[in-house]
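The structure under discussion appears below in the form of structure tokens.
The values are calculated or read from the model by the stated rules, or taken from the named source; none is laboratory data. From a predicted model like this one, the values you see are computed outputs, not experimental measurements. Methodologically, a virtual Cβ is constructed for each residue, glycine included, from the backbone with ideal geometry; neighbour enumeration extends over all protein chains shown.
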Amino acid sequence: MGKPVIELEGLRKEYKPPFKWKWRKVAPWWVTLYELLKRPKIAAVDGITLDVHEGESFGFLGPNGAGKTTTIRVLMGLIKASGGRAKIFGEPVPSQAAQRRIGFLPEAPYFYDYLNVEELLDLVGRLFGQGQRARRKRADQLIEQVGLGHARRQPMKKFSKGMLQRAGLAQALMNDPDLVVFDEPMSGLDPVGRKEVRDIIQSLRDRGKTVFFSSHILADVEMICDRVAIIGHGRLHEVGTIRELVRDSVAATEVVLHLDGEIADEVVGRLAEVGQSHRKREDDLYVVLGPEADVGAFLSESISAGLKIVSVTPRHETLEDVFIRSAASIETEEDGES
């Protein structure tokens, strides 16, 4: 495992919630002023401690409002932490020296819409002090890599959301960064675009770059991440490799039964109720049995009832299962504290 590139220790960010005006006929003005100034703070990020190592592809996961974007904004120096410590390349955030080695794609990027993607990348290259020839060569390479070759001279005000996301990926890579930080890089992309982003992240990792990104597309995260962290309500709940987080045991078993001939509806209903879920498609009944179910007994009963077994497929736990389980645990903890 390489040396730490991102170091967070007890990171905390607090906000005061928006003030809700309450009209009172009698209360003096200073009562309202007192309420305005004394509003309790809300912790958007609440004591997160984790390291991301050199060459890692690290997924930062959590439900909406979990604190992912706030954490990323602190890392990028866009907002100041309320407490704790954040370092990038060993330098306290914000650091100009560290920022020159970072590529950043924010959530829902916005660019000057009168520019085309060539002009955008030329501007970014200038900001990083690249020479004209180097800028042009790098821009040409990235425009093709993100699939915008057909629209390189088209004003970005005509771009779709997915095209803007591709342009954002290109500008984030313009300085050939050692660390790339993406906030929802798959947002707005079709399946082809998502595959291209996965390939880009994989190629960066293969070149020894460090990738830190948030995403809701858990299947993509599972394919490309070395480690993931799951946060909720600003707190870190899970961190580890996919193998460490995903249980090896069978999470469920899907049984497909063929309804051959006249099978009583009550028999079919009884068998279906045994499973966690079921659905019927033409003459086939799909039943998902939970991990505690006796699969052998269910199959024996199905055969005795005159049904044919088409297939029995064990389902192992996925990152999505881990995420849902963690989210439920987070909500339970919050309910217990409230």
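Taking V228, is it surrounded by 12 or more Cβ atoms within 10 Å (Cβ to Cβ), in contact with a Leu (Cβ under 7 Å, 6 or more places away or on another chain) and within 18 Å of L50 (Cα to Cα)? Considered against the rule, which asks whether it is surrounded by 12 or more Cβ atoms within 10 Å (Cβ to Cβ), in contact with a Leu (Cβ under 7 Å, 6 or more places away or on another chain) and within 18 Å of L50 (Cα to Cα), V228 comes out as yes.
Those helices (runs of 4 or more DSSP H) of the range 192-276 in which at least 3 residues are out of contact with any Phe, Trp or Tyr (no Cβ under 7 Å at 6 or more places or on another chain) and charged (D, E, K, R), considering only elements entirely within it, cover 265-274. R85 meets all of the listed conditions (1) at pLDDT 95 or above; (2) surrounded by 15 or more Cβ atoms within 10 Å (Cβ to Cβ) but one, namely (2). Among helices (runs of 4 or more DSSP H) entirely within the range 60-178, having at least 3 residues that are touching a residue at least 60 places away in the same chain (Cβ under 8 Å) and within 30 Å of I230 (Cβ to Cβ) singles out 68-75, 161-172. Inspect the range 123-133 for any residue being more than 14 Å from L173 (Cα to Cα), among the aliphatic types (A, V, I, L, M) and surrounded by 15 or more Cβ atoms within 10 Å (Cβ to Cβ) and give the result as yes or no. No, the range 123-133 contains no residue that is more than 14 Å from L173 (Cα to Cα), among the aliphatic types (A, V, I, L, M) and surrounded by 15 or more Cβ atoms within 10 Å (Cβ to Cβ). Considering E292, E301, E317, the condition of being exposed (fewer than 12 other Cβ atoms within 10 Å of the Cβ) and not aliphatic (A, V, I, L, M) is satisfied by E292 alone. The residues in the range 159-182 that are of a type in the set (K, R), surrounded by fewer than 20 Cβ atoms within 10 Å (Cβ to Cβ) and touching a helix residue (DSSP H, G or I) at 6+ places or on another chain (Cβ under 8 Å) can be counted, and the count is 0.
For first residues located in the range 232-257 and basic (K, R), partners that are modelled with pLDDT of 90 or more and in a strand (DSSP E or B) and lie 6+ apart or on another chain with Cβ distances below 8 Å form the pairs R235/D46; R235/G47; R235/I48.
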